[in-house]
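Everything below concerns the one structure shown next.
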Amino acid sequence: MNNMIKLNDFQLLWTQIEKEVIDSVKKFGKSGWYILGQGVKDFEQELTKFYPNNKYCTGCASGLDAIEIGLRALGIKPGDIVLTTPLSAFATTLAILRCGGIPAFVDTDENGLIDLNLARDFFTNNPNVKFFIPVHLYGQAINLEKLKKLKEDFDLKIVEDCAQAVLAEDESGFVGSVGQITATSFYPTKNLGCFGDGGALLTTDSNLHEISNTIRDYGQSSKYNHSIVGMNSRLDELQAIIMKDVFLPKLKKQTEHRRQIASIYINGIRNSEINLLQIPKNSKPVYHLFPVFSEHRDVLKEYLKQNEIESGIHYPILITDQTALHNIPHIISGSLDNAKKIVKQELSLPINSLITTEEANKVVKICNSWKTR
């Protein structure tokens, strides 16, 4: 299907950025410095401008590592309980497990974001729990005012998982403005991606920044001086240079394009069998994904494919139902009814920085023409 409207079209992307990327590769090669050089430092400094409440940045090897390093910098100990969402990439929970922590889960709201009212109930009933990883899912912003109040009321240590939500905001500000640590991923499909794996964590705290830098580089506080047990999780110099020179300068414009495509979907899709996210007033998502919900999700997915429209499922299995978690200590607080409903009904429509308005209108037309009977 040569005319397929794709979720992500990396081949088309390459045709648009090839020269810029090659120029960055040459810049990298000429520097003669391949690990944690000036390229990483410059990128880290530039990235803080996209998370305006953060002063410091530590580039690392993945979004998973960013969360783990953040938890370790905040002082997590084996056996500590960490509240998070059951609806996310498994990496969010895996970071807790790699720290020796015990993940705890409460339900999401109807939009897939962790229910902060249920989170409040959990912390009220478990006052000794101090770690929290909320996820800004699909490119939405969790209610930041509520999150801030939770942090203050329960003295929480928060790692905000912003992997899908760079530049997302609500009336209180941008994502990454509440937690002591902001974690993000540069996996290629992200709004800000790279040519492989990469991640970063940001903070306003110079001490947390220093600890994070030490952890990512074998625990070295200086060359060959290993002050703590660390890990090898350094952002590649090459990736950093390419992101700074090629991708970061385009991010704001690409974010607005995603919002324009989302607006076409929101204003155009009118099918009683397809439900859309209910975006809160004054919230500005960045639409890493554009999820719709249908009781006949698999039928809709096949119909879209027949009409040359690619779609995806995010996520088909709750974290609590993953086989890897079956024999590992974890806590489920209350029912997970909303999250269970979402994994059965969610389908992601194509949305990225390259989709044209004509393609978006075709998606709307096909969605509106779909009938289950």
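Please arrange R270, R297, R373, R259 by how many other C-beta atoms lie within 10 Å of their C-beta, fewest to most.
Details: R270 9, R297 20, R373 4, R259 16.
Ranked by crowding around the Cβ, least crowded first: R373, R270, R259, R297.
As an exercise, take the mean of 1/r over every pair of distinct alpha carbons in segment 166-244, invert it, and state the Kirkwood radius in angstroms.
Every distinct Cα pair counted, the radius reaches 14.1 Å.
Output the relative contact order of segment 251-369, whole-number percent, from Cα pairs under 8 angstrom with separation of 6+ residues. Kindly include the intermediate steps, with their values, before the conclusion.
Working: 128 pairs, mean separation 50.4, N = 119.
Averaging sequence separation for qualifying contacts and normalising by length gives 42 percent for segment 251-369.
Can you tell me, using C-alpha contacts under 8 Å and at least 6 residues apart, the relative contact order of segment 76-207 as a whole percent?
18
Distance cut-off 19 Å, Cα to Cα: go down the list K49/K281; K190/K252; K19/K250; K253/K305 and report the pairs above it.
Long pairs (Cα-Cα over 19 Å): K49/K281; K253/K305.
Within a 10 angstrom radius of the beta carbon, how do K301, K371 rank from fewest other beta carbons to most?
Starting with the residue having the fewest Cβ neighbours, the order is K371, K301.
Tell me which aspartates and glutamates have Cα within less than 16 Å of K41's Cα, excluding those fewer than 8 residues away on the same chain?
Within the straight-line limit of under 16 Å, K41 reaches these aspartates and glutamates: E210, D217, D236, E237, D245.
Could you work out the percent of alpha carbon pairs in segment 1-133 separated by over 18 Å, rounded to a whole number?
Result for the distance tail: 71 percent.
Summing Lys, Arg as +1 and Asp, Glu as -1, what charge do residues with Cβ under 10 Å from the Cβ of T85 carry, T85 excluded?
That sum, taken over residues with Cβ under 10 Å, equals -3.
Can you check what the net charge comes to around L150, using other residues whose Cβ is under 14 Å from the Cβ of L150 (Lys, Arg +1; Asp, Glu -1)?
Taking every Cβ under 14 Å from that of L150, the sum is 0.
Mind giving me the nanometre distance, one decimal, between the label points for M4 and K149, set 7 Å out from Cα along Cα→Cβ?
4.7
Do any of K55/K157; K130/K223; K130/K284 go past 26 Å between their Cα atoms, and which?
K130/K223; K130/K284
Grab the other residues whose beta carbon is less than 13 angstrom from that of I5, score K and R as +1, D and E as -1, and report the net.
-1
Determine, for H257, H326, H296, H136, the number of other Cβ atoms within 10 Å of each Cβ, and report the residues in order from fewest to most.
Least to most surrounded, the residues fall as H326, H296, H257, H136.
Based on the Kirkwood radius over alpha-carbon pairs, what is the Stokes-Einstein translational diffusion coefficient of segment 251-369 at 37 °C with 0.692 mPa s viscosity, in µm²/s?
D, rounded to a whole number, is 208 µm²/s.
In whole Å, what are the extents of the chain along the principal axes defined by its C-alpha atoms, from largest to smallest?
67, 57, 39
A short reminder: the numbers here are calculations on the coordinates, not readings from a lab. In this text the structure is predicted, and so the values were computed from the model without any measurement. No Cβ is skipped: glycine too gets one built from the backbone with ideal geometry, and neighbour counts run over all protein chains shown.
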